[in-house]
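See structure below.
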Amino acid sequence: MPTTPASHDRSAQSARNLLIQEVVETRQRARLGGWFYGVAAALAFAVTGFSTGYRMSALLVIGTLLALAIVRVLIPVPAAPDEREARRYLRTLWGVVLATTIVWGSFSAWSQSALPEPAPLIALLFSGAFGMALAHTLCMRQLPSALAILGVMVPTLVVLWREVAIGVGAMWIVYMAYMLLVMRRSHREYRARLELEEDLRQQRDLFATQSRVDGLTLLPNRREFSESLEQAIVLAGDGRALSLLILDIDHFKRINDSFGHVAGDACLVEFSHRLRASFDGPGELCARLGGEEFGVLLPADCIVAHARAERFRETLAQSPLAFDGVQDVVTTSVGCSSFDASRHADAGALYREADAALYRAKMGGRNRTERTL
């Protein structure tokens, strides 16, 4: 099936949402993990008693790891990043993560021959823990996650293979391979969860939109119109002008009977296009209230609203509607009322007055506009 502009926009928005969610989760997970590298190095040096021979090394390693942990926290991320900003943030953060793993891996390898027992064992155990933590928690992107695991594990592997025993090195390779497999599985699960959450979010947004939009004409529906009318009444209470038009297509049943219900639906769509084109100014709202009845909210007094309704009615009557392969003259009856705080206690009172004006227009022969008496 060809990709429509709307579906392309939805796909692009979905991709942006997934990227932003990745930024949020990567930041949350990376901020906590960075501190443990410095703590682990401090523990390894602590068992040496921080003797004079290791003091400078301890300050350098621990200080570097803690500085990298601080940088993770301080990397700025905009409150609502666009796609380019999000990608830049992720590149920067992953760069700091990789630097941290390389520093730790180098320290762990160095400790195997430079520090007395049990410091090498502590470093070895933490290397395994950090590698597995990376596999489980920082699995959002496979390549940088794999590089981070290798940064932790490979330097120690070289030392174990060359200076301890080939068998121990082989064990470390198996452990490292297992971490990479766990990371791939965690990555798949992470992406599946992220995409499921995005699908649910899109469904929620779609349902919210559908609950407020008429499915045929794509105009706001009666529910949305009623809420907008309530809000407009509140503003009108401060002295702002507000008028309500209720329009009804004349003899709509004839259109259905003559051309069929498909044509009737097409007529409603074309009428809604004309209506929206005529009432598209600031603060103006068109809606389908149900069937062949439509409503318009105007920030104008009754004289202006009546004049605009008349202009729309006359233009409609003089210009046949083209729908479903046919052309037909379609007319409308209009009821017009303006808000008056002394007469209208609420939105319902204003609506009833406009509806009464519409009834008079229909009883008076249709194709006419009536306003409040």
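The values are calculated or read from the model by the stated rules, or taken from the named source; none is laboratory data. Keep in mind that what you see is a predicted model, and the values were worked out from it rather than measured. Note that each Cβ is placed from the backbone with ideal geometry, even for glycine, and that neighbours are counted across all protein chains shown. Please note that ligands, DNA and RNA were not included when accessible areas were found on the heavy atoms of the full protein model with its side chains. Shrake-Rupley method; radii C 1.70, N 1.55, O 1.52, S 1.80 Å.
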Within the stretch 26-75, how many residues turn out to be on the phi < 0 side of the Ramachandran plot, open to solvent by 30 Å² or more (accessible area, probe 1.4 Å), among the aromatic types (Phe, Trp, Tyr) and more than 35 Å from the chain's Cα centre (by Cα)?
1
Conditions: (1) open to solvent by less than 40 Å² (accessible area, probe 1.4 Å); (2) free of Cβ contacts under 8 Å to residues at least 60 places away in the same chain; (3) over 41 Å from the mean Cα position of the chain (by Cα). GLY105 meets all but one. Number of the miss?
(3)
Single unsatisfied condition, ARG191 versus (1) within 30 Å of GLY131 (Cα to Cα); (2) open to solvent by less than 20 Å² (accessible area, probe 1.4 Å); (3) without any contact (Cβ under 8 Å) to a residue 40 or more places away in the chain:
(2)
Collect the residues in the stretch 159-174 that are open to solvent by 70 Å² or more (accessible area, probe 1.4 Å) and either in contact (Cβ under 8 Å) with a residue 24 or more places away in the chain or outside any helix (DSSP H, G or I) (or both), keeping them in residue-number order.
GLU163, VAL164
How many residues does the stretch 324-355 contain that are assigned to a strand (DSSP E or B) and surrounded by 22 or more Cβ atoms within 10 Å (Cβ to Cβ)?
7
Taking VAL234 as meeting all but one of (1) of a type in the set (Val, Ile, Thr); (2) outside any helix (DSSP H, G or I); (3) open to solvent by 70 Å² or more (accessible area, probe 1.4 Å), write down the number of the exception.
(2)
Go through the stretch 286-296 residue by residue and tally those that are open to solvent by 40 Å² or more (accessible area, probe 1.4 Å) and within 14 Å of SER243 (Cα to Cα).
0
So, GLY264, is that one modelled with pLDDT under 95 and over 15 Å from PHE225 (Cα atoms) or not?
yes
Give the stretch 254-272 a look and list any residue that's open to solvent by 10 Å² or more (accessible area, probe 1.4 Å) and out of contact with any helix residue (DSSP H, G or I) (no Cβ under 7 Å at 6 or more places or on another chain), or say none.
ARG254, ASP257, SER258, PHE259, GLY260, HIS261, VAL262, ASP265, ALA266, VAL269, GLU270
Considering only the stretch 202-231, state which residues are open to solvent by less than 70 Å² (accessible area, probe 1.4 Å), out of contact with any helix residue (DSSP H, G or I) (no Cβ under 8 Å at 6 or more places or on another chain) and of a type in the set (A, V, I, L, M).
ALA208
Conditions (1) assigned to a helix (DSSP H, G or I); (2) under 29 Å from ARG16 (Cβ atoms): number failed by MET132
(2)
